[in-house]
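Remarks on the structure that follows.
The values are calculated or read from the model by the stated rules, or taken from the named source; none is laboratory data. None of the values given here were measured: they were computed from a predicted structure. Don't worry about glycine lacking a Cβ; one is built from the backbone with ideal geometry, like all the others, and counts go over all protein chains shown. Heavy atoms of the whole protein, side chains included, go into the accessibility calculation; ligands, DNA and RNA do not. Shrake-Rupley method; radii C 1.70, N 1.55, O 1.52, S 1.80 Å.
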Amino acid sequence: MENMRLEKIQEFLKEKDWKYTYTEEEGVGSIDFENRGISYHIWEFCEGEEYGAESNVRSGGKQEDFFGDYEEEIISVIKSWK
(Lines give C-alpha, C1' and ligand atoms only; values in the text may rest on other atoms or scores of the structure.)
Protein backbone atom coordinates (compact mmCIF):
# COMPACT_ATOMS: atom_id res chain seq x y z
CA MET A 1 0.00 0.00 0.00
CA GLU A 2 1.39 3.37 -1.03
CA ASN A 3 1.43 6.21 1.49
CA MET A 4 -0.91 8.89 0.21
CA ARG A 5 -0.48 11.87 2.57
CA LEU A 6 2.50 14.17 3.04
CA GLU A 7 4.01 12.67 -0.11
CA LYS A 8 6.31 15.61 -0.92
CA ILE A 9 7.81 15.53 2.56
CA GLN A 10 8.22 11.74 2.46
CA GLU A 11 9.99 11.99 -0.90
CA PHE A 12 12.27 14.74 0.41
CA LEU A 13 13.22 12.67 3.48
CA LYS A 14 13.88 9.62 1.26
CA GLU A 15 16.16 11.72 -0.99
CA LYS A 16 18.10 12.83 2.10
CA ASP A 17 18.22 9.15 3.21
CA TRP A 18 16.80 10.12 6.61
CA LYS A 19 14.85 7.47 8.48
CA TYR A 20 11.31 8.46 9.40
CA THR A 21 8.08 6.96 10.63
CA TYR A 22 4.87 7.62 8.72
CA THR A 23 1.40 7.05 10.14
CA GLU A 24 -1.95 7.74 8.58
CA GLU A 25 -5.19 7.86 10.51
CA GLU A 26 -8.60 9.23 9.61
CA GLY A 27 -7.32 10.64 6.33
CA VAL A 28 -4.40 12.70 7.68
CA GLY A 29 -0.71 11.86 7.91
CA SER A 30 1.95 12.12 10.56
CA ILE A 31 5.73 11.94 10.20
CA ASP A 32 8.34 11.60 12.95
CA PHE A 33 12.07 11.81 12.27
CA GLU A 34 15.34 12.80 13.93
CA ASN A 35 18.16 15.00 12.75
CA ARG A 36 21.31 15.70 14.76
CA GLY A 37 19.72 14.27 17.89
CA ILE A 38 16.56 16.40 17.73
CA SER A 39 13.15 14.78 17.26
CA TYR A 40 10.88 16.43 14.72
CA HIS A 41 7.18 15.91 14.18
CA ILE A 42 4.84 16.82 11.35
CA TRP A 43 1.16 16.28 12.12
CA GLU A 44 -1.33 16.94 9.38
CA PHE A 45 -4.81 18.14 10.33
CA CYS A 46 -8.04 19.22 8.72
CA GLU A 47 -10.08 22.15 10.05
CA GLY A 48 -13.37 22.24 8.20
CA GLU A 49 -12.25 21.89 4.60
CA GLU A 50 -8.77 23.36 5.07
CA TYR A 51 -5.77 21.10 5.54
CA GLY A 52 -2.66 22.16 7.38
CA ALA A 53 0.17 20.72 9.42
CA GLU A 54 1.58 21.35 12.86
CA SER A 55 5.33 20.95 13.20
CA ASN A 56 8.39 21.87 15.22
CA VAL A 57 10.77 21.98 12.23
CA ARG A 58 11.49 25.70 12.56
CA SER A 59 12.43 25.78 16.26
CA GLY A 60 12.93 22.16 17.36
CA GLY A 61 10.75 22.63 20.42
CA LYS A 62 7.89 24.98 19.72
CA GLN A 63 5.04 23.78 17.52
CA GLU A 64 3.62 26.02 14.82
CA ASP A 65 0.85 25.64 12.26
CA PHE A 66 1.48 25.72 8.52
CA PHE A 67 -1.34 26.34 6.02
CA GLY A 68 -1.64 26.69 2.25
CA ASP A 69 1.15 24.77 0.51
CA TYR A 70 2.32 23.52 3.90
CA GLU A 71 4.42 20.65 2.55
CA GLU A 72 6.54 23.01 0.42
CA GLU A 73 6.85 25.45 3.32
CA ILE A 74 8.01 22.72 5.71
CA ILE A 75 10.50 21.40 3.14
CA SER A 76 11.82 24.96 2.67
CA VAL A 77 12.40 25.28 6.43
CA ILE A 78 14.25 21.94 6.52
CA LYS A 79 16.40 22.95 3.52
CA SER A 80 17.45 26.10 5.42
CA TRP A 81 19.02 24.04 8.23
CA LYS A 82 22.81 24.39 8.39
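Given the chain, report the % of alpha carbon pairs whose separation exceeds 17 Å. Can you show the working numbers first?
On the way: 1363 of 3321 pairs.
Looking at the chain, the distances longer than 17 Å represent 41 percent of pairs.
Carbon and sulfur together cover what percent of the accessible area of segment 14-57 at a 1.4 Å probe radius?
Accessible surface attributable to carbon and sulfur in segment 14-57 totals 40 percent.
Cross-link partners among lysines for residue 16, C-alpha distance below 16 Å, same-chain residues fewer than 8 apart left out?
Those lysines meeting the cut-off are 8, 79, 82.
Can you pull out the trypsin sites (Lys or Arg not before Pro) in segment 1-58 whose DSSP state is coil and whose Cβ has at most 13 other Cβ atoms within 10 Å?
19, 36
Between 24, 15, 64, where does the largest GNM mean-square fluctuation fall for the chain, given springs only between Cα atoms within less than 10 Å?
Of the options given, 15 has the highest mean-square fluctuation.
Could you give the accessible area per residue of the chain, probe 1.4 Å, as a whole number in Å²?
The answer is 66 Å² per residue.
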